[in-house]
Amino acid sequence: MSKTPRAAPKAATKQGGLIRSSAIFAGLTMVSRVMGLVRDLVITARLGASQTIAADAYYTALAFPNLFRRIFAEGAFAAAFVPVFARSLQGEGREEARRLADQTLAVLASVLLVLVLAVEIAMPLLVSVMAPGFTADPAKFDLTVELTRITFPSLLLISLVALFGGMLTSTGRFAAFAAAPILLNLALIGAALYARASPAAGAGHALAWGVSLGGVAQLLLLVVALRRAGLMPRFTWPRLTPGVKKILVLFGPAAFGAGIVQINLLVDQFIASFLPTGAISYLYYADRINQLPLGVIGIAVGTALLPLLSRQIQAGDRAGADDSQSRAVELVMVFCLPSAAALTVIARPIIAVLFERGAFDAATTDASAAALVAFAVGLPAYVLIKVFAPGFFARQDTKTPVKIAVVGLVSNIALNLAFIWHLGHVGIALATACAAWINGGLLWWVLVRRGHFRADERLKQRMPRLLLATGLMTAALWAASWAMDADALKGTAQEALQLVVFLVVGLGVYGVAGHLLGAFSLRELRAMMTRRRLSPVADQDSGG
């Protein structure tokens, strides 16, 4: 009888560690996303539609380092570095893991420094390739080159942030890494306010410097967190040690996969450019709303799950890995199923309340809302991709997700061509959603086929209940929509009131139905999130 009480707290600790870590990351990500919306409003108000040269130059200067960042510094690097570092931490100890970080830092910083210097020298040529239309306007071209030279060094900074963030998350510390983007948003808001009385070109320069200064602020935050954790890596002469070679081998396919994602976005934009004016904007505004639950829930859980799975697989804890992945699926579905359903029903009041003012008229709201409905169909799939991909990365398999991503890319192109003729810009959003379901479904199927994931009984029992609770919430929202006169409630103030009613009805019905059906337990979630221990590694750190 003594074995059972000891086993139960251990299982609960693993669940609580994942949920609490995800909650920390999600909460800070939510703050960052809200600050991002404020940032966009402030920058748009400063540059405005009339300041075409400054706005175009700034956004191009921002897009160039962002392209490299999304391919190299974010998901791809984490997928390669975190599993190797976490396994070294689990199997070889803290000092060996730190030496691996030392060597990785030396190679990463050296390569990126050379890359940044080369790009700075070749910037006029690269801008002429990236924005060939700017060459016809020498003032715009020269300003773009100047601003891009200011923003591009942020690639080096954000790559080091990714390295340091991977070290922290591998030891169960998530707060600093999740809070770092907030500093970038604050830097850009401050730059826009500082330059409010400057000419447009001056505002562009201030915002460009805000990007790089924001990168410095993020890096300093992570350095402080690493020093407090006693994990700050030391600068050494770069050498291709076996550990670094392993990371580079894993990084190649992961970076290629990230590049495929960017190609997907470029394909959507390319196809949308053939549609009537406004199509790209409709998709942009809709995607901004759809990205909120994806960023807050999917990325948070995926970031917390990867180091946990890596440690469990290194320790040979198959049951623990299955439990962690099952809890991750359960956790994201608790939030994403109702979010997706709600976005399909109340898309219009959401878009209207957030954006409908000035040149953003009712017709733009209707077109953007239609795209949001289509995007929302794929929301659970987008999030499940973030949950299933760590199942491969934790096993140091970065090639399989790339192969599946290629299938998703081909599917997206084919579905775009099939839907666009009858659905216009909505067809592009729907194709993206369907391709996400294909991608997520294939990731799940391969994991199960290889024996790397077995859904536990709790997940099997709760999924139908979650679907039923979501269905009841959707019916309640439709009933509330039918009960209210939509034509009489047109206008920002009226639609804001309508949105509040929808949120109260939706949350109330889903919360009560989910609790009564046993889809989730509020007390259980609260108990797991308030447990003191986060993970086995965090326990070791606190004990040491």
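We did not get these values from a lab; they are worked out from the coordinates using the rules stated. Note that the structure is a prediction, hence the values are computed from the model and not measured. Note: ideal-geometry Cβ built from the backbone for every residue, glycine included; neighbour counts use all protein chains shown.
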Worksheet item: What FRET efficiency would be calculated for the residue pair V448, D142, taking the C-beta separation as r and a Förster radius of 45 Å, to the nearest 0.05?
Response: 0.20
Response to the item:
Neighbour-count ranking for K399, K140 (other C-beta within 10 angstrom, fewest to most) reads K399, K140
Practice prompt. Quote the FRET efficiency, to the nearest 0.05, computed for D102 versus L516 with a Förster distance R0 of 51 Å and r equal to the Cβ-Cβ distance.
Written response: 0.40
Discussion item. Could you order the peptides 456-465, 410-419, 177-186 from most to least packed, using the average number of other C-beta atoms within 10 Å per residue?
Written reply: 177-186, 410-419, 456-465
Worksheet, complete the sentence: For 214-220, 325-331, ranked highest to lowest by mean beta-carbon neighbours within 10 Å, the order is 325-331, 214-220
Practice prompt. Work out how much length L503 to A479 would gain on full extension: take 0.36 nm times their residue separation and subtract the Cα-Cα distance, in nm to one decimal.
Written response: 7.3 nm
Worksheet item: By how many nm would the segment from R94 to T135 grow when fully extended, if each residue of separation counts as 0.36 nm and the alpha-carbon distance is taken off?
Response: 9.5 nm
Worksheet item: How far apart, in nm, are two points set 7 Å out from the Cα along the Cα-to-Cβ line at A315 and at E120?
Response: 4.6
Discussion item. Given bins 5 angstrom wide, list per bin the percent of all Cα-Cα distances in the range 125-179, short to long.
Written reply: 4, 17, 18, 12, 9, 9, 10, 10, 7, 3, 0
Discussion item. Need the C-alpha centroid separation for the range 60-126 versus the range 303-349, integer Å.
Written reply: 26
Worksheet item: Considering the zone a paramagnetic label at R465 would reach in this model (a point 7 Å from Cα along the Cα-to-Cβ line), which residues of the range 307-344 have amide N under 13 Å from it?
Response: 334
Response to the item:
Fewest-first ordering of W482, W444 by Cβ atoms within 10 Å yields W482, W444
Fill in: Estimated inter-spin distance, Q494 and L417, nm [label 7 Å along Cα→Cβ]
4.6
Item to complete: Treat the count of other C-beta atoms within 10 Å as a stand-in for reagent exposure and order S521, S368, S339 from fewest to most.
Response: S521, S339, S368
Worksheet item: To the nearest 20 debye, what charge dipole does the range 58-141 have about its Cα centre, counting +1 at the Cβ of each Lys and Arg and -1 at the Cβ of each Asp and Glu?
Response: 120
